[in-house]
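First comes the structure, then the notes that go with it.
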Amino acid sequence: MTERIYDQDSHIMDFTARVLTCVPDGDAFDIVLDRSAFFPGGGGQEADTGTLGGHPVLSVSEKDEIIHFRCPVAFAEGTLVEGQVDRETRLSNMQQHSGEHVLCAVLHNRYGVDNVGFHMGSREMTLDVNGVFEPEELAWAEEEANRVVRDDLPITISYPSAEELETLEYRSKKELTGTVRIVTIEGTDRCACCAPHVMHTGEIGLIKILRSEHYKGGTRVYFLCGLKALSMVNLYQAQVHGIDTLLSAVPEDTLSAVQKVLEQNEALKEQRVQAERRLIQILADQAPLGDAPLVLFEDFSDEIIARTYVNLLTARRTGPVCLCLPRVGDPDAYRYILAIQKGSVRPLCQAMNQTLSGRGGGSDAMAQGTIRATKEAVEAFFQSYRQ
Ligand SMILES: [Zn+2]
């Protein structure tokens with residue numbers, strides 16, 4: 001069994017160990033040391049990264065209580081090698097993970113709920129608990145968790161005997177047998193867990209709940225701790241500041257300022273629809289009458305307006321009408337509505353699709369589709385079709 005240096009001191013990340021075995025493993029080497037500050041992953045926490053003898057460790061894993069290192073170079077068995085865990089990553093992982101213990105303990109102690117899932121994502125952490133909470137209950141939990149941080153309580157690791165475990169109360173996701181590793185936050189929590197944690201709650205720094213959602217009958221809590229929480233708060237702050245600058249608002253009024261802009265936007269949209277309704281009536285009255293196919297290029301805010309316009313035109317004239325509407329982000333493509341009062345638009349629709357790289361169809365009275373062609377090409381097509 002590999003001696004786990006992080007068990008009693010999770011801050012030792014530079015260490016010397018003896019190489020017990022080193023065997024080729026594909027294009028790399030599988031190395032076993034007598035001791036390791038590298039955590040091989042587990043309990044929701046990623047394996048550590050870092051170097052052995054100055055060479056990058058490709059991966060760390062555990063099998064039958066022995067920690068295996070995958071390395072690009074070989075080390076002679078029996079020699080000593082220097083190991084170095086990537087400190088920043090490990091410290092951050094410990095902040096997130098230990099923060100999860102605190103948050104979960106606070107919820108467990110007050111509401112009796114249990115942790116049923118924990119995931120450390122690259123952007124945020126998630127904690128799944130088997131209970132549903134009001135926003136103010138989670139707000140309380142966040143504040144209480146940060147009190148536990150402020151109190152800077154010791155976090156210790158122990159391996160109780162089977163008899164001690166019988167009477168010990170601790171949180172665990174599953175029924176455990178054999179040796180159980182207990183992580184204790186003084187006066188607050190006992191939890192079975194294999195990962196390295198910070199040694200005092202003060203090291204966790206800020207515990208910030210970002211949001212929550214209903215999840216599988218319980219709650220999924222998104223949160224961050226320590227420097228990652230600070231980065232996220234700074235990101236939020238920059239967003240709010242950007243919005244405030246654009247809207248000449250102060251942070252206390254950001255939401256109402258945005259609501260006001262959205263209301264103004266809705267009112268403008270409605271005004272535009274009303275103006276377009278008047279406009280299509282005028283345009284339809286001015287459209288040339290007769291049997292010749294008519295092609296028009298317009299942009300309306302609303303599908304209903306476009307269709308109403310086509311209906312007004314076909315009611316007035318006997319020839320087919322083709323309304324071309326721009327496609328967002330593609331200047332050389334149009335959506336078309338093709339219609340006629342009597343007769344059929346099918347032949348014209350087929351000719352358009354063929355000549356103008358289009359697709360679409362419909363009934364005798366109306367067809368819809370898209371074409372890929374410039375305005376000039378569409379006009380030229382109609383010019384020649386009329387002749
Ligand atoms: Zn843990």
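The values are calculated or read from the model by the stated rules, or taken from the named source; none is laboratory data. Note that the structure is predicted; figures quoted are calculated from it, not measured. These area figures cover heavy atoms from the full protein model, side chains too; ligands, DNA and RNA do not enter into them. Shrake-Rupley method; radii C 1.70, N 1.55, O 1.52, S 1.80 Å.
Of the DSSP beta bridges with both residues in the range 111-214, give the percent that are antiparallel, rounding to the nearest 5. Let's see the in-between values first.
On the way: 14 of 15 bridges.
The answer is about 95 percent antiparallel.
Quick check: the distance between the Cα centres of the range 202-268 and the range 33-104, to the nearest angstrom?
So the separation of the two Cα centres works out to 35 Å.
Roughly speaking, what is the centre-to-centre gap between the range 135-196 and the range 287-330 when only Cα atoms are used, to the nearest Å?
Cα centroid to Cα centroid, the span is 70 Å.
Accessible surface of T179 in the full protein assembly, 1.4 angstrom probe, to the nearest 10 Å²?
Its accessible surface works out to 110 Å², give or take rounding.
Among all the lysines, which ones have a C-alpha under 23 Å from K174's C-alpha, if same-chain residues fewer than 8 places away are not counted?
The reachable lysines, counting only those whose Cα sits under 23 Å from K174, are K63, K216.
Rounded, prolate or oblate: which fits the range 270-386, taking a ≥ b ≥ c as square roots of the Cα gyration tensor eigenvalues, rounded meaning a/c under 1.5, else prolate when a/b beats b/c? Write out the running numbers ahead of the final one.
Numbers: a/c = 1.70, a/b = 1.18, b/c = 1.44.
Oblate shape, in that a/c is at least 1.5 and b/c is the bigger or equal ratio.
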